[in-house]
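Below is one structure, written out as structure tokens; comments come after it.
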Amino acid sequence: QDQLVESGGGLVQTGGSLRLSCATSIRTFTGTTMGWFRQASGKEREFVAAISWTGGDTSYDDSVTGRFTISRDSAKNTVYLQMNSLKPEDTAVYYCAGHRARIGVTASQYEYWGQGTQVTVSS
């Protein structure tokens, strides 16, 4: 069964850092583009970052470019989101997602989803 399990969320002050992890099953990880999305309270789910299944191609939303870095470790079947210089507007539930196609920035393109992990940035 394909599963994605996020971890690493928490409470951090403005300017701080967090690293989110998404552990996946082998069947999900191999050949799968992985992405991170987030959903703030009362808002729609939005794209944050994505990485191709080879790891050679990445994409970021403009709001996180230069602050967040997505990466994947095939040996551990895990994708990471390193978040630096966090801002209060980064506060949201962060979701890991995957799909067997090229990098996409729309949530509807992704077929595998984790349960989400809360990130709260205090001012």
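None of the figures in this text is laboratory data; all of them are computed from the coordinates on show. All figures in this text were calculated on a predicted structure; none of them were measured in a lab. As a convention, Cβ positions derive from the backbone with ideal geometry for all residues, glycine included, and neighbour counts pool all protein chains shown.
Worth a mention:
- Whole-Hz ³J(HN,Hα) from phi, Karplus 6.51 cos²θ - 1.76 cosθ + 1.60, for the range 17-25, glycine and proline x: 10, 9, 10, 8, 10, 9, 8, 10, 6
- Within the chain, the longest segment free of exposed loop sites, counting GluC sites (Glu not before Pro) that fall outside DSSP classes H, G, I, E and B and have at most 14 other Cβ atoms within 10 Å, spans 45-110.
- Helix-only mean residue ellipticity at 222 nm for the chain, each DSSP H run of n ≥ 4 adding -39500 (n - 2.57), per residue, nearest 500: -500 deg cm²/dmol
- Counting only trypsin sites (Lys or Arg not before Pro) that DSSP places in a loop and that have at most 15 other Cβ atoms within 10 Å, the longest clean stretch of the chain runs over 1-42.
- Extension gain, N77 to S52: 0.36 nm times the residue separation minus the Cα-Cα distance gives 7.7 nm.
- Relative contact order for the range 1-114: 34 percent, from Cα pairs under 8 Å spaced at least 6 residues apart, divided by residue count.
- Other residues within the sphere of radius under 14 Å centred on the Cβ of S85, judged by their own Cβ, net out at +1 (K and R +1, D and E -1).
- Extension gain, K43 to K87: 0.36 nm times the residue separation minus the Cα-Cα distance gives 14.1 nm.
- With Cα atoms defining each centre, the range 1-44 and the range 69-123 are spaced 4 Å apart in the structure.
- Under the convention that each Lys and Arg Cβ holds +1 and each Asp and Glu Cβ holds -1, the size of the dipole of the chain around its Cα centre is about 200 debye.
- Whole-Hz ³J(HN,Hα) from phi, Karplus 6.51 cos²θ - 1.76 cosθ + 1.60, for the range 46-63, glycine and proline x: 10, 5, 10, 7, 8, 9, 5, 5, 7, x, x, 9, 10, 9, 9, 5, 4, 5
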